[in-house]
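The values are calculated or read from the model by the stated rules, or taken from the named source; none is laboratory data. Please read these numbers as outputs of a predicted model, since none were measured by experiment. FYI the Cβ positions are ideal-geometry reconstructions off the backbone, even for glycines, and counts take in every protein chain you see. The accessibility values were calculated without ligands, DNA or RNA, using every heavy atom of the protein model including side chains. Shrake-Rupley method; radii C 1.70, N 1.55, O 1.52, S 1.80 Å.
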Amino acid sequence: MTRITDLVIERAHGANFWTTDGVKYIDFVSGVAVNAIGHTHPEVVEAIQKQAGELIHLGLNYGYFESTVRLAHKLAEITPGNLDTVFFSNSGAEAIEGAIKLARSATKRPNIIAFEGSFHGRTLGATSITASSSKYRKYYEPLVGGVYHVPYPYSLQLDVDSEEEATQYCLKRLRKLFDLQVDPSQVAAIIIEPVLGEGGYVPAPPAFLMELRAIADKYGILLIFDEIQTGFGRTGAMFAAEHSGVTPDILVMAKALSAGMPLGAIIARRELHDKWETGTHGSTFGGNPVSCAAALASIRVIEREKLVERSHTLGKRIVANLQEQIGDLPQIAEIRGLGMMIGIEFQGDAALTPAAAVAAIRTEALKHQLLVTSCGVYGQTIRLMLPLNIDEHVLNEGLSILVNAIHTVIERR
Ligand SMILES: Cc1ncc(COP(=O)(O)O)c(C=O)c1O
């Protein structure tokens, strides 16, 4: 694994964590977009403790557990459209594996289309559809077969002038793929992150997602949204799908679902799940009652404290604030955000490449007790994954450390 810091971390609360030597840090990473309601939220801690005292594990094959069933109902309520039936796993990658299996099993078709720059996880199936770094695939080939990639509508990296141009270009490449390499009748699913996560924090234009929906419908292809990073308010909507009004056939979630406990889930219509033959998939720990209790508590906090709405308004404010403070620097290519999924993309010159600038900013910020990380295929973007309920003064302190770190690195090059 890549190790971002050598800190030895003892405890964490809200948007702060403390190392064993007593130093306090501000956390702008949130366990990689997991701790949407901050670390060790008291309601989540209480729910975990209560559930652990009653039932930790028995195995979903052997019966129903109240927290698991209640969570499935809750997910059906808060996900878009008519998605109503859940399969639980332990992690994002595992949920992706399940989604691929469901798509192949339900359609009896072999092929999957995914996008350049996308990240779906580290297991072999998930690695096969991932295309955000050749390093993730190196030494592991041959990977799962029947996977094709087309470009993601990321205007800045495609070197086009507008979202509309990027949309048209990527749709053209998809049609070309159908003409030259894979007949659409042989495609089980198209899988996309509605906002590219690891690949750069780039929202797909709503028109692109709408067009994918139409193409999928035309050819009987299933549309899968990987909302592992975008779900549960991160983008200013409970799920990013809502921004385009597109309901996928399968929605995959994990990360912020369960406030740090291991849990992933796929949700799809009952009639689709009915095509997934009983016994052809399973999990020992998936849907364990403790993770599900944590998830229910976390969703309750998100709803009660209107954190989806806060993500929308605070996200806009943070982007405007950053724009004002650093937007004019020639090294900044773009500051963009959908809700609190915020990216600051750098552009380089001969003296300082974007990746080197971002790496140096991370190091500089850490020296001042701010943990911040990056994304983008070339490591060119700083991504902010703040808790949706972050305290204003912690937010302002963290942003000021970040802005100072950016100025320091740019000025000393
Ligand atoms: C969009 C997306 N899909 C899948 C995954 C994999 O999830 P996990 O690390 O829980 O396996 C991630 C993790 O970063 C992700 O961001």
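Every condition in (1) in contact with a strand residue (DSSP E or B) (Cβ under 6 Å, 6 or more places away or on another chain); (2) open to solvent by 10 Å² or more (accessible area, probe 1.4 Å) holds for GLU303 except the one numbered (1). Within the range 39-71, being without any contact (Cβ under 8 Å) to a residue 40 or more places away in the chain, under 21 Å from LYS255 (Cβ atoms) and of a type outside the set (S, T, N, Q) holds for PRO42, VAL45.
I'd like to verify a number: residues in the range 136-157 that are open to solvent by 40 Å² or more (accessible area, probe 1.4 Å) and either under 17 Å from PRO203 (Cβ atoms) or not hydroxyl-bearing (Ser, Thr, Tyr) (or both), how many? Qualifying residue count, the range 136-157: 9. Among the residues making up the range 111-135, those that are surrounded by 16 or more Cβ atoms within 10 Å (Cβ to Cβ), of a type outside the set (Gly, Ala, Ser) and either out of contact with any Asp or Glu (no Cβ under 8 Å at 6 or more places or on another chain) or not assigned by TED's automatic domain parsing to the domain that holds SER185 (or both) are ASN111, ILE112, ILE113, GLU116, THR127, ILE129, THR130. Looking only at the range 284-300, residues that are polar (S, T, N, Q) and open to solvent by less than 10 Å² (accessible area, probe 1.4 Å) come to 2 in all.
Residue pairs, Cβ under 6 Å, 6 or more apart or interchain, first in the range 246-259 and farther than 15 Å from ARG104 by Cα and in the same structural domain as ALA293 (by TED's automatic domain parsing), second near the ligand (Cβ under 10 Å from one of its atoms) and assigned to a helix (DSSP H, G or I). List them. Matching pairs, first to second residue: VAL252/ALA95; VAL252/ILE96; ALA254/GLY92; ALA254/ALA95; LYS255/ALA33.
Evaluate the following for ALA126: is it at pLDDT 95 or above, touching a helix residue (DSSP H, G or I) at 6+ places or on another chain (Cβ under 6 Å), within 16 Å of the ligand (Cβ to nearest atom) and not in a loop (DSSP other than H, G, I, E, B)? Yes. Of the residues making up the range 94-115, those that are in contact (Cβ under 8 Å) with a residue 40 or more places away in the chain and within 15 Å of the ligand (Cβ to nearest atom) number 9. Here VAL377, VAL372 are screened, and the one residue that is of a type in the set (A, V, I, L, M), at pLDDT below 95 and either within 24 Å of the chain's Cα centre (by Cα) or surrounded by fewer than 17 Cβ atoms within 10 Å (Cβ to Cβ) (or both) is VAL377.
The set of residues in the range 191-208 being away from the ligand (no atom under 15 Å from the Cβ) and either open to solvent by less than 40 Å² (accessible area, probe 1.4 Å) or hydroxyl-bearing (Ser, Thr, Tyr) (or both) consists of PRO205, PHE208. Just one of (1) open to solvent by 10 Å² or more (accessible area, probe 1.4 Å); (2) over 30 Å from THR278 (Cα atoms); (3) part of a helix (DSSP H, G or I); (4) away from the ligand (no atom under 16 Å from the Cβ) fails for ASP161. It is (3). Considering the range 241-346, the qualifying strands (runs of 3 or more DSSP E), each wholly inside and each with 1 or more residues that are more than 24 Å from ILE191 (Cβ to Cβ), run over 332-338, 341-346.
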